[in-house]
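**Student:** Pasting a structure here, questions to come.
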Number of protein chains: 2
Amino acid sequence: MTIHNQAEIISIGTELLMGEIVDTNAKYLAAELRLIGIEVGRATTAGDDKTQLTPVFREALARTDLVLASGGLGPTDDDLTRDCVAEVLGETPFLDAALEQDLRDYFTRSGRQQMPAHNVRQAMLIPSAKPIPNPNGTAPGWWVEKNGKIIVLIPGPPREMEPMWRNEIRPRLIDRFPGKVALTRTLKVFGMGEATVNELVAPFFHLDNPTLGIYAKPDGIHLRLISRGDNAIALINNIEKQIRDILKDHIWGADEDTLPGATADLLLKKGLTLAVFDCGTGGTLSNLINGVESSLRYYRGSLVTGTDAVKTAFGIAAELVAEHGAISTAAAEAMAVIARSKFNSDIGLGITGISGIDGAAGEAPGTAFIGLADAQGTVHWHQTIIPRHNLARNQLAIAALFHLRERLLE
Amino acid sequence: MTIHNQAEIISIGTELLMGEIVDTNAKYLAAELRLIGIEVGRATTAGDDKTQLTPVFREALARTDLVLASGGLGPTDDDLTRDCVAEVLGETPFLDAALEQDLRDYFTRSGRQQMPAHNVRQAMLIPSAKPIPNPNGTAPGWWVEKNGKIIVLIPGPPREMEPMWRNEIRPRLIDRFPGKVALTRTLKVFGMGEATVNELVAPFFHLDNPTLGIYAKPDGIHLRLISRGDNAIALINNIEKQIRDILKDHIWGADEDTLPGATADLLLKKGLTLAVFDCGTGGTLSNLINGVESSLRYYRGSLVTGTDAVKTAFGIAAELVAEHGAISTAAAEAMAVIARSKFNSDIGLGITGISGIDGAAGEAPGTAFIGLADAQGTVHWHQTIIPRHNLARNQLAIAALFHLRERLLE
């Protein structure tokens, strides 16, 4: 049998095409297929309409040998997936006596009323289809094999789809296509724009194995390597090392790492506590820090302020602001010192920039400073921020976590 | 020109086919198209791969006269949407001088480094394409018309895609295909579960015009009415009135209203300032408040704390905590008073609950209190929170804004 490098996914349901619900099944199946080394070449969403759905199956089978489809296996008149597959394969559906009995048993077991007549549709099969058990609902899946092609039909509700994938479909696919599991590594970069990173790693985009992708994310730029084959680990390690040599400390993490998580781990490991004086992110930094549950163990608190007047009322000397401006390295460091002493923490962060500053504060818009105070003294970093309110707040908060991590690694 | 009853949507990005992210753009566009009377016949997801993406466009254009595609308009080598459309239409891309200047201006305006060479890709056009302005990013959209077909290319990031849809694409489509627009109204409810709301409005689910949908959202339950025809306004107003009579003050807003925006408007109208003492949401409340740009004009600051020790160090009497517990109505009101005086604001909010409390604080997990202090005195509300860290933080912050709004309306 061919090895399927490019499966296709079909999501069925008029509610998807009406924008009533987000299609999470396609994402789930795509992520799961990738983990067992099967790439997805295309995903299609079609409605509960036979004239639309039948060609979707016909076209997909013309392009690939493996099609996974979810949805349209219910008991009602607009559940047409079984009929479409029968038509595409030129087979006649029949009522399977064993499936019908299973279905009646399911209704008895669930303590529900007698099986409605409509539900008998769910006991239909075609000669090429084997039923896939569904302990969580009335619709069995179909595992169809014909002319070297595999079609897998899966119920649409995630609580039926996901266990059926894990317990029935995934093992069969691994069995059928062994040794293909792909290895991936994501490198996370901060402090450079997407185009700059792209230029620096440009030579690696043309590799076949591993392949390299670049993605702009709220916490910076992500580079993703995907490798296959017996040599996958060595291949991916080799390119990762070369990329790390180029981007150096701009890479702050890999794979599942998050900046709040990475700083949390370092703070907990070192037994250090943290506090923030934030006149720049309007609480975004505190919100990110506290998104990690373990923050309860090291986070002492934040002072978030909105105006220069309040800032000076919380301990920054008026003369310092008069001399250097509220948006200045001196103010950022003074705020860090105040955070550290007010909350009695080991580390204080001071953020001064956009949000909450009434304009005339010294530096031009787009300039922000991050100060840090710890037992060794104070340091600061400059951060250019894009002039869009909420993006800037997030970018500045991410920058603060990035530099906190740097300092903790020193 | 034909009226397109069945448009197609194409979502572009290898990360979608890898299951890295859920495709929310297709849902957004499908829902929006439906509201202006354009149905979607099929949605396809394709990767950043020219040999895969080109046939997706070719096939869609063979089936329909209107194709909307999002993604693949970035500055990097794997942003191929422009090239694929050029190939399908048999046109040669050229560098548009005006677009290039816009792009350079965008970089200058953002105070960023000089435009990287790669970005010039985003200034390419083909003869059939007109650029669609994108004030929120570097990639202009494309509005392409040829041989009676319309192709609309939209940047993938939702914060670029959604404003471009609202401000540029939607008006052009309405103009092109008039008389089909549906009228919608969304009513936003807080303080009742989905099942309760569902029961109370059950009679309206069976209407044909307007139709009613119910959706659980991070800021409560949304009820959406959609009406069509000459009588649409009267029909929708009639049902809205009946629903408002049933749900009363649980409805806090409609359509584009947000709780942070609604409270901002009220505070500004009344000329009142706000401060927060937050020992419950870990900064989520401050982050939501400051997500509204006008917060600079009324937000004085927040004290966000992580432990009982810090809380008592910031002015709550130890005896109060000893007598009532840190999670108590007395603590919530005391914190509100402290916020008001420390930040010299007209209104103080005090939040005490989960996050940041070391367990043994009196009330059972899942209990939180919101206190409010203003010139009239103090009030408090009880809020039950779901025991999941980040969901609970958000729920408590939303509850605080809901009750702040109530108080401001009194």
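The values are calculated or read from the model by the stated rules, or taken from the named source; none is laboratory data. Note that the structure is predicted; figures quoted are calculated from it, not measured. As a convention, Cβ positions derive from the backbone with ideal geometry for all residues, glycine included, and neighbour counts pool all protein chains shown.
**Student:** Consider B:LEU349 carefully, then state whether it is under 16 Å from B:ALA264 (Cα atoms) and in contact (Cβ under 8 Å) with a residue 60 or more places away in the chain. Even if it seems obvious, please write down each step before you answer.
**Tutor:** Numbers: under 16 Å from B:ALA264 (Cα atoms): yes; in contact (Cβ under 8 Å) with a residue 60 or more places away in the chain: yes.
For B:LEU349, the condition - under 16 Å from B:ALA264 (Cα atoms) and in contact (Cβ under 8 Å) with a residue 60 or more places away in the chain - is met.
**Student:** Same structure, new question: Confirm whether A:GLY350 is crowded, with 24+ Cβ neighbours inside 10 Å, touching a Gly at 6+ places or on another chain (Cβ under 6 Å) and more than 14 Å from chain B (Cβ to nearest Cβ).
**Tutor:** Numbers: crowded, with 24+ Cβ neighbours inside 10 Å: yes; touching a Gly at 6+ places or on another chain (Cβ under 6 Å): yes; more than 14 Å from chain B (Cβ to nearest Cβ): yes.
Criteria met by A:GLY350.
**Student:** Can you tell me which residues in region A:51-73 are out of contact with any helix residue (DSSP H, G or I) (no Cβ under 6 Å at 6 or more places or on another chain), surrounded by fewer than 22 Cβ atoms within 10 Å (Cβ to Cβ) and either within 28 Å of A:MET115 (Cβ to Cβ) or not basic (Lys, Arg) (or both)?
**Tutor:** Once the filter is applied, which keeps residues that are out of contact with any helix residue (DSSP H, G or I) (no Cβ under 6 Å at 6 or more places or on another chain), surrounded by fewer than 22 Cβ atoms within 10 Å (Cβ to Cβ) and either within 28 Å of A:MET115 (Cβ to Cβ) or not basic (Lys, Arg) (or both), region A:51-73 yields A:THR51, A:GLN52, A:PRO55, A:GLU59, A:LEU61, A:ALA62, A:THR64, A:ASP65.
**Student:** Keeping to region A:10-57, report how many residues are part of a strand (DSSP E or B) and either among the charged types (D, E, K, R) or not assigned by TED's automatic domain parsing to the domain that holds A:SER70 (or both).
**Tutor:** So the first thing to find is which residues in region A:10-57 are part of a strand (DSSP E or B), and the list is A:10-12, A:39-46.
Restricting the remaining residues to those that are either among the charged types (D, E, K, R) or not assigned by TED's automatic domain parsing to the domain that holds A:SER70 (or both) gives A:39, A:42.
Count: 2.
**Student:** State all residues of region B:289-318 that are facing another protein chain (nearest Cβ under 8 Å) and more than 20 Å from B:VAL337 (Cβ to Cβ); if no residue qualifies, say none.
**Tutor:** Correct list: B:ASN290, B:GLY291, B:GLU293, B:SER295, B:LEU296, B:GLY306, B:THR307.
**Student:** How many residues does region B:368-393 hold that are assigned to a strand (DSSP E or B) and surrounded by fewer than 18 Cβ atoms within 10 Å (Cβ to Cβ)? Give the derivation first.
**Tutor:** From region B:368-393, those assigned to a strand (DSSP E or B) are B:368-374, B:377-384; that's our starting set.
After this cut, where a residue has to be surrounded by fewer than 18 Cβ atoms within 10 Å (Cβ to Cβ) as well, the list is B:377, B:382, B:384.
Qualifying residue count, region B:368-393: 3.
**Student:** Given the conditions (1) farther than 18 Å from B:ASN390 by Cβ; (2) within 7 Å of chain A (Cβ to nearest Cβ), which single one is not true for B:VAL321?
**Tutor:** B:VAL321 satisfies all of (1) farther than 18 Å from B:ASN390 by Cβ; (2) within 7 Å of chain A (Cβ to nearest Cβ) except (2).
**Student:** What is the residue count in region A:82-122 for residues that are assigned to a helix (DSSP H, G or I) and either touching a residue at least 40 places away in the same chain (Cβ under 8 Å) or more than 20 Å from A:ILE12 (Cβ to Cβ) (or both)?
**Tutor:** Within region A:82-122, the subset assigned to a helix (DSSP H, G or I) is A:82-89, A:97-109, A:117-122.
With either touching a residue at least 40 places away in the same chain (Cβ under 8 Å) or more than 20 Å from A:ILE12 (Cβ to Cβ) (or both) added as a condition, the list becomes A:82, A:85-86, A:89, A:97-109, A:117-122.
Matching residues across region A:82-122 total 23.
**Student:** Specify which of the listed residues (A:ARG82, A:ARG63, A:ARG104, A:ARG58) is of a type in the set (Lys, Arg) and at pLDDT below 90.
**Tutor:** On the way: A:ARG82 fails: at pLDDT below 90; A:ARG63 fails: at pLDDT below 90; A:ARG58 fails: at pLDDT below 90.
Only one candidate qualifies: A:ARG104.
**Student:** Could you list, in sequence order, all residues of region A:209-242 that are without any contact (Cβ under 8 Å) to a residue 12 or more places away in the chain, more than 10 Å from chain B (Cβ to nearest Cβ) and within 21 Å of B:ILE12 (Cα to Cα)?
**Tutor:** If the condition is that a residue be without any contact (Cβ under 8 Å) to a residue 12 or more places away in the chain, more than 10 Å from chain B (Cβ to nearest Cβ) and within 21 Å of B:ILE12 (Cα to Cα), then no residue fits.
**Student:** Output the residues belonging to region A:131-148 that are in a loop (DSSP other than H, G, I, E, B) and hydrophobic (A, V, I, L, M, F, W, C). Please lay out each step first, then the result.
**Tutor:** As a first pass, look at region A:131-148 and keep what is in a loop (DSSP other than H, G, I, E, B): A:133-140, A:147-148.
Listed by number, the list holds a single entry, A:ALA139.
**Student:** Of the residues that sit in region A:82-113 and are surrounded by fewer than 18 Cβ atoms within 10 Å (Cβ to Cβ) and of a type in the set (Lys, Arg), which one is farthest from the other protein chains (Cβ to nearest Cβ)?
**Tutor:** Once the filter is applied, the top-ranked residue is A:ARG104.
**Student:** So B:GLU293 fits all but one of (1) modelled with pLDDT under 90; (2) buried (at least 24 other Cβ atoms within 10 Å of the Cβ); (3) charged (D, E, K, R); what number is the exception?
**Tutor:** Result: B:GLU293 fails condition (2) only.
**Student:** Given A:ALA375, A:ALA330, A:ALA334, which one is under 27 Å from A:ASP265 (Cβ atoms) and modelled with pLDDT of 90 or more?
**Tutor:** From the options A:ALA375, A:ALA330, A:ALA334, the qualifying one is A:ALA375.
**Student:** Right, next: Out of all the residues in region B:9-25, which are among the aliphatic types (A, V, I, L, M) and either within 7 Å of another protein chain (Cβ to nearest Cβ) or surrounded by fewer than 24 Cβ atoms within 10 Å (Cβ to Cβ) (or both)?
**Tutor:** If the condition is that a residue be among the aliphatic types (A, V, I, L, M) and either within 7 Å of another protein chain (Cβ to nearest Cβ) or surrounded by fewer than 24 Cβ atoms within 10 Å (Cβ to Cβ) (or both), then B:LEU17, B:MET18, B:ILE21, B:VAL22 are the ones that fit.
**Student:** Assess whether B:THR51 counts as being facing chain A (nearest Cβ under 8 Å) and among the hydroxyl-bearing types (Ser, Thr, Tyr).
**Tutor:** For B:THR51, the condition - facing chain A (nearest Cβ under 8 Å) and among the hydroxyl-bearing types (Ser, Thr, Tyr) - is not met.
**Student:** A further question follows. Just to verify a result, which residue in region A:30-48, among those that are facing chain B (nearest Cβ under 7 Å) and aliphatic (A, V, I, L, M), is nearest to B:THR45 (Cα to Cα)?
**Tutor:** Among those that are facing chain B (nearest Cβ under 7 Å) and aliphatic (A, V, I, L, M), it is A:ALA43.
**Student:** Next question, about the same structure. I want to confirm something. Restricting to region B:117-148 and keeping residues that are surrounded by fewer than 18 Cβ atoms within 10 Å (Cβ to Cβ) and of a type in the set (D, E, K, R), which single residue is farthest from B:SER70 (Cα to Cα)?
**Tutor:** Within region B:117-148, the match that is farthest from B:SER70 (Cα to Cα) is B:LYS146.
Okay, residues lined up against (1) farther than 28 Å from B:VAL304 by Cα; (2) surrounded by fewer than 20 Cβ atoms within 10 Å (Cβ to Cβ):
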site: A:GLY213; (1), (2): yes, no
site: A:ALA216; (1), (2): yes, yes
site: A:ARG228; (1), (2): yes, no
site: A:ASN237; (1), (2): yes, yes
site: A:GLN242; (1), (2): yes, yes
site: A:ASP245; (1), (2): yes, yes
site: A:ASP249; (1), (2): yes, yes
site: A:GLY261; (1), (2): no, yes
site: A:ALA264; (1), (2): no, no
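**Student:** I would also like to ask the following. Does A:LEU247 qualify as being over 30 Å from A:ALA313 (Cβ atoms) and free of Cβ contacts under 8 Å to residues at least 60 places away in the same chain? Outline the logic, then answer.
**Tutor:** On the way: over 30 Å from A:ALA313 (Cβ atoms): yes; free of Cβ contacts under 8 Å to residues at least 60 places away in the same chain: no.
It is false that A:LEU247 is over 30 Å from A:ALA313 (Cβ atoms) and free of Cβ contacts under 8 Å to residues at least 60 places away in the same chain.
**Student:** B:ILE239: of a type in the set (Val, Ile, Thr) and over 19 Å from B:LEU288 (Cβ atoms), yes or no?
**Tutor:** Numbers: of a type in the set (Val, Ile, Thr): yes; over 19 Å from B:LEU288 (Cβ atoms): yes.
Yes; evaluated as a whole, the condition is true for this residue.
**Student:** When you look at B:ASP79, is it within 9 Å of chain A (Cβ to nearest Cβ) and either acidic (Asp, Glu) or part of a helix (DSSP H, G or I) (or both), yes or no? First the steps, then the outcome.
**Tutor:** Numbers: within 9 Å of chain A (Cβ to nearest Cβ): no; either acidic (Asp, Glu) or part of a helix (DSSP H, G or I) (or both): yes.
Answer is no for this residue.
**Student:** Now a separate question. Here are some residues: B:GLY41, B:GLY71. Which one is at positive phi and under 30 Å from the mean Cα position of the chain (by Cα)?
**Tutor:** On the way: B:GLY41 fails: at positive phi.
Only one candidate qualifies: B:GLY71.
**Student:** Still on this structure, please answer the following. List the number of the failed condition for A:GLY41; all other conditions in (1) surrounded by 15 or more Cβ atoms within 10 Å (Cβ to Cβ); (2) at pLDDT below 85 hold.
**Tutor:** (2)
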